[in-house]
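Engineer: Before I ask anything, let me first share the structure, which is written out below as structure tokens.
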Amino acid sequence: MPAYGFVGAGEITAAIVEGLSGEGLSGDAPAVFLSPRGRQVGQELATRFPNVAVCASNQDVLDAASAIVLAVRPAAAREVVAELEFRPDHVVLSAVAGVPLATLREWTAPAARVVRTIPLPQAARRQSRTALFPDHPVARDLFEPLGGVSVPPDEPTLDAFSTATATFAAHLDYLATIAGWLAGHGVEPGVADAYVTHLFAQLGQSLGTASLTELTAKHTTPGGINEQLMTALRHDDVPGSVRHALDAVLARLRE
């Protein structure tokens, strides 16, 4: 089992480390070495989990581990990586959105093995299906226990997976709009939030039981109110607006 080093100590790092280290593991938790950046996050994780240690520098993280997870903001990634010396035996697992493999390989040379990954915050609960490319056993060993992996056929398709994750805030805003509408019709705001949260949490439990198209049809009674609302949104080309916005995000990621 490799030792994992994390450069960057934000939400994604915390989620992965919690998933790797928490209760219910099938085996021993791996050694984890954390960046000093976000020291408060790292110290909290180190206090909770005996397999976790906070290093004095990012270079110390690289010196201690063979599998390196880059989890820094895209805007800061080049500056952070430029200060580091990688080894040929390092496997670099990048969670930096929009930075292509060719650039990552240049930044992290002489590390010969680089994998792009898209871990999600649900890794903390081992429910993050992580898209990655190219396939690599070290990446699978890390992410399979955290919810499984999806390996697209090529890097451009991985960019499409990354684009799909840009929909979280818009989806939550949609739910907040429904709750706000309820509140505008006399429902106490906290009750409205709780009701909408319950509706969609229960609906979410049906995901995976059939295709999304089949589930849509199941909830669309001819002449019913679900059909009425969906027809109105389609008439206003809301699906077209979503596709257009996704195209714009994908174009940004491929710049």
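A short reminder: the numbers here are calculations on the coordinates, not readings from a lab. Model, not experiment: these values are computed from the prediction. Positions of Cβ are generated from backbone atoms using ideal geometry, with glycine treated the same way; all protein chains shown enter the neighbour counts.
Engineer: What is the dipole size for the chain, taken about its Cα centre, with +1 at each Lys and Arg Cβ and -1 at each Asp and Glu Cβ, in debye to the nearest 20? Show your work: numbers first, answer last.
Structural biologist: Working: 18 positive and 27 negative charges, 15 e Å.
That gives the chain a dipole magnitude of about 80 debye.
Engineer: Give, in nm to one decimal, the length gained when the segment between residue 201 and residue 112 is fully stretched (0.36 nm per residue of separation minus the Cα-Cα distance). Provide the component values of the computation, followed by the final result.
Structural biologist: On the way: separation 89, 0.36 × 89 = 32.04 nm, distance 4.28 nm.
Between residue 201 and residue 112, full extension yields 27.8 nm more.
Engineer: Still on this structure: Using only helices, what value at 222 nm comes out for the chain when you add -39,500 (n - 2.57) per DSSP H run of length 4 or more and divide by the total residues, to the nearest 500 deg cm²/dmol?
Structural biologist: Working: 12 runs with 129 residues, N = 255.
Value at 222 nm, helices only: -15000 deg cm²/dmol.
Engineer: Still on this structure: For each of 133, 168, count neighbouring Cβ atoms within 10 Å of the residue's Cβ, then give the residues from fewest to most. Present the calculation step by step, with values, prior to reporting the outcome.
Structural biologist: Numbers: 133 22, 168 11.
The most exposed by this proxy come first: 168, 133.
Engineer: For the range 167-253, what size does the Cα cloud have along each of its three principal axes, sorted from largest down, in whole Å?
Structural biologist: 41, 31, 27
Engineer: Post the alpha-carbon centroid distance, the range 211-253 to the range 1-53, in whole angstrom.
Structural biologist: The range 211-253 and the range 1-53 have Cα centres spaced 39 Å from each other.
Engineer: Let me ask something additional. Among the helices of the chain (complete DSSP H runs), which have Cα atoms covering no less than 20 Å along the helix axis and a Kyte-Doolittle mean of at least 0.5?
Structural biologist: Numbers: long enough: 168-184 (24 Å, 1.02); 189-204 (22 Å, 0.60); 238-253 (23 Å, 0.68).
Helices meeting the span and hydropathy rule in the chain are 168-184, 189-204, 238-253.
Engineer: Computed from these coordinates, which is percent of Cα pairs over 22 Å apart: [x] 57; [y] 53; [z] 62?
Structural biologist: Matching entry in [x] 57; [y] 53; [z] 62: [z].
Engineer: Once both labels are modelled 7 Å past Cα along the beta-carbon direction, what's the residue 245-residue 233 spacing in nm?
Structural biologist: The modelled label-to-label distance comes out at 1.1 nm.
Engineer: Right, here's the next one. How would 181, 107 line up from fewest to most surrounding beta-carbon atoms within 10 angstrom? Don't skip to the answer; put the middle values down first.
Structural biologist: Details: 181 12, 107 21.
By the 10 Å Cβ count, ascending, the order reads 181, 107.
Engineer: What distance in nm separates the two pseudo spin-label positions at residue 78 and residue 155, each 7 Å out from Cα along the beta-carbon direction?
Structural biologist: Inter-label distance under the simple model: 1.6 nm.
Engineer: Please report 118, 178, 225 as a ranked list, fewest other C-beta atoms within 10 angstrom at the top and most at the bottom.
Structural biologist: On the way: 118 23, 178 15, 225 8.
Least crowded to most crowded, the residues run 225, 178, 118.
Engineer: Hey, with R₀ at 22 Å, roughly what FRET efficiency would residue 212 and residue 181 work out to, going by the Cβ-Cβ distance, to 0.05? Mind dumping the intermediate values first?
Structural biologist: Working: r = 24 Å, r/R0 = 1.10.
E(calc), rounded to 0.05, equals 0.35.
Engineer: Over what distance in Å are the Cα centres of the range 85-103 and the range 142-160 separated?
Structural biologist: 15
Engineer: A further question on this structure: Say R0 is 22 Å: what FRET efficiency, to the nearest 0.05, do residue 105 and residue 252 get from their beta-carbon distance?
Structural biologist: Values: r = 22 Å, r/R0 = 0.98.
Efficiency for this residue pair is about 0.50.
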